[in-house]
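A short worksheet on the structure shown next.
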Amino acid sequence: MGQTEFNRKKKGRKKRLLADIGARIAKSLCFLGMAAVLASSAYTDIKKLSQPAGDTVSVQPETGTGKAEPEEMSEPMSVSGQSEVNTGKKESAEMSEPADTSGQLEADAGTLDAAEMTEGNIEEKRVALTFDDGPHRIYTAKLLDGLLERSVKATFFVIGENIPGNEELIARMYQEGHLIGNHTYDHVKISDMSAEDACEQVQKTSDLIRAITGEDTEFVRPPFGAWNKELEAPFTMIPVLWDVDPLDWTTKNTALVEERILSEVEDGDIILLHDCYESSVDAALAVVDELQAQGYEFVRVDRLILE
Ligand code: NI
């Protein structure tokens, strides 16, 4: 067991969604237009859930592999260990066999030529920055500037009600190559809602995004991480949770947020931040600088999950 694999298990990392193209389309109740949507079955569990002000911690439900309904059994998903969600990380773990040599890498750097380093470990270390609860007129703009300067692509799970008046920020995200995901319209706990209401929350936001970008959103981050199996049918979107949560909304201390991330992050991780706080934006950019220096590549969550 490679070190990376070991760490992955040790951390009891949550599982992320994986998808089986098409299988869920037939079950779609409210996103019939999304023909290319990826379906998924998996389960998710979160080691800690937390959200910004006013949010309550909730227990992450399992959208479970083992308890699949008959119709879902045809999906290549019966193997919990296999369909389990975590492609990005899984691949990384597998690929990085002589792996997790972050320390070793540095030590060996002098003896490796550039080609070896490129083909070897460096390109395998990937993480995804995700930002919830925006767009924010000031801080999201600042973040986009910083990401552009660093040639970093990120993922934004935007709240629908924050879009009106900030359309140019959504346009910038799109034009500058970031992935735009859906974080509901009113930042609501959709697992507690009827499927109809939950769909409306998401659809309203998707409509606003599409009006600006011309594209549908395929990824949703449920507020509070509150997702359950019942939502798999009405939602053809792929839910995205996270691996690293620095609880950035609990502090304005940029260095603390940065330290929390750096002490925990591993290859293949999805990092949760909020672009509605300046301290979080500053921390994110500091983390980018540090991890880029360590050889990490920052990718959108679609690349991390689906590739
Ligand atoms: Ni949120």
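Read-outs throughout are calculated quantities, based only on the coordinates presented, and are distinct from any laboratory measurement. Everything numeric in this text was worked out from a predicted model, so none of it was measured. Neighbour counts run over all protein chains shown; Cβ positions are idealised from the backbone, glycine included.
FRET efficiency for the Q175 to A293 pair, using the beta carbon distance and R₀ = 22 Å, is estimated at 0.20.
Semi-axis lengths, largest first, of the ellipsoid equivalent to the range 142-286 are 25, 19, 13 Å, with √(5λ) applied to each eigenvalue of the Cα gyration tensor.
Subtract the Cα-Cα distance of R150 and D207 from 0.36 nm times their separation in residues, and report this length gain in nm to one decimal. Provide the component values of the computation, followed by the final result.
Working: separation 57, 0.36 × 57 = 20.52 nm, distance 3.03 nm.
Roughly 17.5 nm would be gained on extension.
Summarising the label geometry, the points placed 7 Å from Cα in the beta-carbon direction at E168 and L247 lie 3.8 nm from one another. As a calculated quantity, the FRET efficiency between E278 and A255 at R0 = 22 Å, using C-beta atoms, amounts to about 0.95.
Based on the Cβ-Cβ distance from S194 to L306, what FRET efficiency comes out when R0 is 30 Å, to the nearest 0.05?
On the way: r = 30 Å, r/R0 = 0.99.
Plugging the Cβ-Cβ distance into 1/(1 + (r/R0)^6) gives 0.50.
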